[in-house]
């Protein structure tokens, strides 16, 4: 046991090294730095900027920009017990000894460790309370749903689980703030009241707990749904296990079987996932903290990324990795205590793996050292190598695109055609498919359906309510509204103020599908009043039609998920199948790369990659493509790990051995024999993973780091509604319709994924 704990803690060292190197490189690659805005300002003395550059370590004594590894060396030297001045925080010359020093925040002008002491406890407590809340709700509901399978309770709990999984956390946070604002029952944000510093210890703790209620519920509600579904499935499986049947034959009471034997086995996956869920909550906390103004680690790292505050970002991400490792360690120990069959050993039987690990890290150090030497002594050669790698990368991207199209085409055409009948015979599957078909048709024909361009403003009609209709003179008319008074937010409808709706009328020219010229819209108003508008879902702060923006935004939000999952599947299949087929060193190196990517909280890595590879002068199309690539890079690791496990189980089957004996090459074996056997999983995984891409894009746009004006996306529209608090106080509910669109899309995909999983996996069938 002790040896196991020591070995796990020692493995933290290379993991932290790899993560810190990656984060440092990404921060270096990001355009600009902390002083970018100061350089653009005309009223700031350049001498002051130069002084700041030297103080922050951005340039050396000669005024030349310092390389990323020099900055990284400064940082590593200061977090080690042995320090060397005059690097950051150490003005003395020579060697010295002291406590780890994480540097000084460029934004707050205080030590990073001081900021972490203020923010980490808040996020740590929020994550713990969210997990506790999720477990207390999910485990009982999952057990009851399994015991009363196919009952009304089971169906209602499944519906609630779908709903909870489909609501974006930031949208739920907006609704929570809205609830707090109109009821006054809960605080609208913050960690404590203004007067908390003057309260006693007990009253202060109660005040902190009172402010934790809404963030805890918002952050934990999504985990409740996933845990409940896992608990239900495992409980049903173990209810029919041999040990349960044996216990019944011996006359053991059913209550004892359920809660003493079945429950202890069914809860194992939740315990195993504790570490990863604990660290992943840090990513979710970022959005919740941002909306609810909760001063935690997530909000700190987000602000640091925006302001290029490198030392804060690196320290914050490393805190997330440490929490992941300790969470996984705690879950393994708890799993060994809960399940007597599991033995935690820390012996030396893994010596071969240790040697491989040393080899991997040696190769990594050699590559870094080679890059440093080239950048110091032969920067032109390094630039040439970079140019060659760029064109090789473009070629690989082209080949990858073709492979993605072929793979997706194979899965959709071959499998979905075979399964479409089974899907349509299930009411839930037919309903989900109908909703998705409607949404994607709306996205495809958005220019023809939307009555107005997304940039067309009507400053005289801000926050216009949804239009009402009347049947008049044998035709459908739209009621026309005007403001009750100048500057008033209230609209009134003058009697008989209507305009007929005409169908397929001539309009301004546009291009359908991007290349077909068209001059007709589905519907418009027949009126000479240029200010008259038909607002199906109301207007925003500048009078733009929300319905039109919602349709055009669906083109971004829906296509990102479909394209992103295509790239993810092909990357996951290539890496996972090769690792599972070859095993040995290939498997070890691939899985260490996967673990490195999975060690960094997903949203932090997403934000770092976005900052590194999206320039401020990028067009909306370029931003769109880069976001797709970034989401795919983040998402393929988990897919590769699962495909690797499935390949390992298929690797030694007779048909694979027969193909090898016939001399077939490895690519043909993987494509012709292994791919068809895991294609069903890929189809299910795709439908279940697409919502994650939609939510990720919405989160980026909501944070102001994704799609920007004049384009539209659902996340950007929600950001605009959340930025104007007047939405909540004046009850302009139609501004929140993009959140409902995200909800409908995600729940439809989740339902379709579950239906497909029931079809392809007989063990999951409940009816």
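Residue 231 satisfies every condition listed in (1) surrounded by 14 or more Cβ atoms within 10 Å (Cβ to Cβ); (2) touching a residue at least 24 places away in the same chain (Cβ under 8 Å); (3) over 29 Å from the mean Cα position of the chain (by Cα) except (3). Of the residues making up segment 536-551, not one is touching a strand residue (DSSP E or B) at 6+ places or on another chain (Cβ under 8 Å), in a helix (DSSP H, G or I) and farther than 14 Å from residue 716 by Cβ.
So that you can scan it fast, the table gives a plain yes or no per residue for (1) surrounded by 14 or more Cβ atoms within 10 Å (Cβ to Cβ); (2) part of a loop (DSSP other than H, G, I, E, B); (3) touching a helix residue (DSSP H, G or I) at 6+ places or on another chain (Cβ under 7 Å); (4) modelled with pLDDT of 80 or more:
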| position | (1), (2), (3), (4) |
| --- | --- |
| 84 | yes, no, yes, no |
| 113 | yes, no, no, yes |
| 117 | no, no, no, yes |
| 127 | yes, no, yes, yes |
| 133 | yes, no, yes, yes |
| 165 | yes, no, yes, no |
| 171 | yes, no, yes, no |
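The residues on offer are 577, 548, and the sole one that is crowded, with 23+ Cβ neighbours inside 10 Å, closer than 18 Å to residue 444 by Cα and either in contact with a helix residue (DSSP H, G or I) (Cβ under 9 Å, 6 or more places away or on another chain) or in the same structural domain as residue 667 (by TED's automatic domain parsing) (or both) is 548. Checking residue 656 against (1) over 24 Å from the mean Cα position of the chain (by Cα); (2) at pLDDT below 80; (3) assigned to a helix (DSSP H, G or I): exactly one of these is not met. Which one? Every condition holds for residue 656 apart from (2). Of all the listed residues (506, 461, 483), the sole one being over 30 Å from residue 562 (Cβ atoms), in contact (Cβ under 8 Å) with a residue 60 or more places away in the chain and out of contact with any helix residue (DSSP H, G or I) (no Cβ under 9 Å at 6 or more places or on another chain) is 461.
Every condition in (1) within 30 Å of residue 579 (Cβ to Cβ); (2) at pLDDT below 80; (3) buried (at least 22 other Cβ atoms within 10 Å of the Cβ) is met by residue 752 except one, and the failing one is (2).
The values are calculated or read from the model by the stated rules, or taken from the named source; none is laboratory data. Keep in mind that this is a model prediction, so the values were computed, not measured. Cβ sites come from the backbone with ideal geometry, for glycine too, and all protein chains shown count toward neighbours.
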